[in-house]
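What follows is a set of notes on a single structure, which appears directly below.
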Amino acid sequence: MRLDLNATLIFSDDVEPAKDKIKECLEESNRDLLKRGVPEDVEDGGANVRAHSIEKENLHLHIISDRYVRAHDALLRLKKQLNQELGPEFHVGVRDVDIEDYIIELELERLPKREEDLKLPFVERLEFEDDMCSMSLSSLSEERLAKNYVDRIINRLREKIEAQYYEGKEEKWELLFKSEKKDMVWREDPTEVMDDRGWIKRGPTKGKWFYRPEAAKILKTLERIAVEEVLKPLGFEEVIESMMVPFDVWIDTGHMEGIPNEAYYVAEPSTRNPDEWAEIIDEIKITKEVPLEKLDEMTDTPKAGICYAQCPVIYWSLRNETISDDSLPLLLYEDTVPSTRYESGGRHGIERVDEFHRVEPVYIGTKEQLTKLKDSLIERYTYVFDEILDIEWRMAKVEPFYLQQAGGEREEEEADLGTIDFEAYLPYRGSREDSEWLEFGNLSIFRKYTESFNIKGQTEKLLSGCTGIGIERWATAFLAQKGIDAEKWPEGFREHFGDMPKGIELL
Ligand code: SER
Ligand code: ZN
């Protein structure tokens, strides 16, 4: 990597009288200050001021460097050093930093497939030759340099190039377990049949459902089974969170960069003062419609989204905390907040919707505690799927979910970490072999979130994870295999379910 920076330090006063001192200071820095951090076995490494010129209060610097002391870091070091050396004698200090141009040449593992798709903020020009990329940066201020934008620009570029190679590649999927084959009661799509019977109703907005008593009881029974048969026996305790997630939380989980196109956003009223709403209220009273343009003016730009998964806010609740050894492993679950995802074209039935209900358990503990917990969770799930729901299911190791949701880098997870999916066969989709099975649950362990939320233990480093229990997904898996006639349901489920509600007769 070669970094080539032209910048000007603008002092509070004329520095021409200090020109000898400046020259001396720059020469000395070239020998020492700009070499600090270079490994011993690297010859001639670090940054180097190649040229400088002084004009009144401006000190222009041309700095060339390698990756050990990046040119912009060198500039910030020099600013500090010059302030210290010139301050007492010449009574001047750096008042402003002007970055004129910054060209970075870096080696790439491989060339991009499509250069035109690599537009990035702050990157004015990108050129590729052999395995080298030359990029010219603009609009960088001192603050942006100090905040490490340059590294992030470089990382983002590499990430985008790598992503071009992953497109269309099969996602990781490795079968871990397969249940016995089960007899299927029917081959219908349960959503369609429930819709016909009036157990569910589409809407009121797109990708949402209204569950009438029969369907609601099926969903609520599955939720209760998950809590009573999986979570309670393992010691999970219930929490209640907010459904609105401020952006800083999604920045820390990565959702803000991973799924900004799928989030629902929340807008606050720009004022609560009723007088300022009078006009819009009058218009609504008269037209019986909402004047959308006016409403737009009366609401703020969103600064939060609606829950996409419950785990981010649970992590937020523990941000920067140290958890006592006695509380470990911490076993929590959230069961009150629905999740929303803007699905657009992908919607289908009750299993792929814009709003769904999920019990989300989150666990935090040492690696040993969590790998043990993972086994216990799988054991409890197996009991429920086999003995209570009696469904045909399988378990596969897949890409860690944050790769899909949270813009994470593709890196190999340690063997025990990562994500497992639970999948169920849906007979209405076709044969076991050729149809896509439904992911109706998942289970993950990560390092990512305890690190990004700075959640610490007293003695050991902590990991975390979550296991999504999507109620509509459980319902689809169960009903697609077992039908919607209660008499044909397995004994175990019937016991938990009790009697079918009377429902609503519509004429
Ligand atoms: N947070 C995980 C997911 O969204 C588990 O629910 O898939
Ligand atoms: Zn989660």
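I'd like to know if region 321-344 contains one or more residues that are surrounded by fewer than 12 Cβ atoms within 10 Å (Cβ to Cβ), farther than 26 Å from residue 480 by Cβ, more than 14 Å from ligand 2 (Cβ to nearest atom) and without any contact (Cβ under 8 Å) to a residue 60 or more places away in the chain.
So far as region 321-344 goes, yes, one or more of its residues are surrounded by fewer than 12 Cβ atoms within 10 Å (Cβ to Cβ), farther than 26 Å from residue 480 by Cβ, more than 14 Å from ligand 2 (Cβ to nearest atom) and without any contact (Cβ under 8 Å) to a residue 60 or more places away in the chain.
Consider residue 51 against the criteria (1) more than 16 Å from residue 97 (Cβ to Cβ); (2) surrounded by 16 or more Cβ atoms within 10 Å (Cβ to Cβ); (3) of a type in the set (Gly, Ala, Ser): it satisfies all of them except one. Which criterion is unmet?
(2)
Name every residue in region 142-184 that is surrounded by fewer than 10 Cβ atoms within 10 Å (Cβ to Cβ) and in a helix (DSSP H, G or I), in order of residue number.
143, the sole residue that qualifies.
Looking only at region 254-300, filter to residues that are in contact with a strand residue (DSSP E or B) (Cβ under 9 Å, 6 or more places away or on another chain) and hydroxyl-bearing (Ser, Thr, Tyr); which one of those is farthest from residue 338 (Cα to Cα)?
The extreme case among them is 270.
Just wondering, is there one or more residues in region 257-271 that are modelled with pLDDT of 95 or more, exposed (fewer than 13 other Cβ atoms within 10 Å of the Cβ) and in a helix (DSSP H, G or I)?
no
Mind listing whichever residues of region 432-469 are over 20 Å from residue 373 (Cβ atoms), within 16 Å of ligand 1 (Cβ to nearest atom) and surrounded by 18 or more Cβ atoms within 10 Å (Cβ to Cβ)? Spell out the reasoning first.
Of the residues in region 432-469, the ones over 20 Å from residue 373 (Cβ atoms) are 432-440, 452, 454.
Narrowing the set further to residues that are within 16 Å of ligand 1 (Cβ to nearest atom) leaves 438-440, 452.
Those that are over 20 Å from residue 373 (Cβ atoms), within 16 Å of ligand 1 (Cβ to nearest atom) and surrounded by 18 or more Cβ atoms within 10 Å (Cβ to Cβ): 438, 440.
Where in region 1-82 are the strands (runs of 3 or more DSSP E), entirely inside, with at least 2 residues that are in contact (Cβ under 8 Å) with a residue 40 or more places away in the chain?
Working: elements: 2-11, 47-55, 58-65.
Hits in region 1-82: 2-11, 58-65.
State yes or no: is residue 366 polar (S, T, N, Q), surrounded by 14 or more Cβ atoms within 10 Å (Cβ to Cβ) and within 16 Å of ligand 2 (Cβ to nearest atom)? Working first, answer last.
On the way: polar (S, T, N, Q): yes; surrounded by 14 or more Cβ atoms within 10 Å (Cβ to Cβ): yes; within 16 Å of ligand 2 (Cβ to nearest atom): no.
So residue 366 fails the test.
Where residues in region 460-474 are closer than 26 Å to residue 414 by Cα and aliphatic (A, V, I, L, M), which of them is nearest to ligand 2 (Cβ to nearest atom)?
Only one residue tops the list, namely 469.
The values are calculated or read from the model by the stated rules, or taken from the named source; none is laboratory data. Computed from a predicted model, the values in this text were never measured in an experiment. Cβ sites come from the backbone with ideal geometry, for glycine too, and all protein chains shown count toward neighbours.
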